[in-house]
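Reviewing the structure listed below.
Throughout, read-outs are computed from the coordinates displayed, never taken from laboratory work. Everything quoted here is computed from the prediction, not taken from an experiment. Heads up, the Cβs are rebuilt from the backbone with ideal geometry, glycines too, and the neighbour counts pull from every protein chain shown.
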Amino acid sequence: MINKNLQMSTFPARLIEGYQNFRADRLAHERERYQRLAEEGQTPDVMVIACCDSRAAPEMIFNALPGEMFVMRNVANLAPPYNPDGAFHATSAALEFAVQSLKVKQIVVLGHGRCGGIKAALDPVSEPLSPGDFIGKWMEMLGPAAEIVAKNELMTVSERQTALEHISIRHSIENLRTFPCVSILESKGRLNLHGAWFDISLGELWTMNPESGDFQRAPFEVS
């Protein structure tokens, strides 16, 4: 009889199966690329700040090869403002590495539809998931904007959700510009900031106009 505790600690079979498929398929076709990346290191031109939602994986959305994108994922794809206070800042650390060490040329803030973090920001009175309320504290970055959007009774629930998802992307881009390493390089034309939003239900990508802040559907052609 299998010990229940031992059974629970067994590595997930689905992941082993996925790994085996990776070895047999993708690795077989890209072994040279992986070897080159291991020997020469990574040199991606693009950093993507995305949500940790399992339905919106940047590598799949952009059909990226290994080594092509440096990805940082967090709840609601937020970029915090520059705040060197000595505390733990995972997103800021990833940004620092991408800009200063990898010297990426493009940073994309990638939001998505039906974001749970955005939903939590619009409903701050709901019960926290744990005593620490890490999500609630994290989403306080959008507090003022969320409060304004939540009070707009002319919009439906889904319209308020999408509106704040778009606002959060613009907000994160402005926060990125508070980092000296970002603002200096952007002013010199050596770094570009972009916003994008992915519609999970339709599989469509919308990109942000850098001047107006409006989002427009990205071109798509079936060959």
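Kindly list, by first and then second residue, each pair from a residue in segment 39-52 that is in contact (Cβ under 8 Å) with a residue 12 or more places away in the chain to a residue that is part of a loop (DSSP other than H, G, I, E, B) and among the β-branched types (V, I, T), limited to pairs with Cβ atoms under 9 Å and residues at least 6 apart or on different chains. Listed by first residue and then by second, the contacts come to P44/V104; D45/V104; V46/V104; M47/V104. Kindly establish whether A163 is in contact with a Ser or Thr (Cβ under 7 Å, 6 or more places away or on another chain) and on the phi < 0 side of the Ramachandran plot. No; evaluated as a whole, the condition is false for this residue.
The residue that is farthest from the chain's Cα centre (by Cα), counting only those in segment 89-101 that are under 16 Å from L193 (Cα atoms) and of a type in the set (A, V, I, L, M), is V99. Output the number of the condition that S183 fails; it satisfies all remaining conditions of (1) touching a residue at least 40 places away in the same chain (Cβ under 8 Å); (2) closer than 23 Å to P210 by Cα; (3) surrounded by fewer than 18 Cβ atoms within 10 Å (Cβ to Cβ). Here S183 meets the rest and fails (1).
Does segment 12-21 include one or more residues that are farther than 29 Å from P180 by Cα and touching a residue at least 40 places away in the same chain (Cβ under 8 Å)?
The answer is no; no qualifying residue exists.
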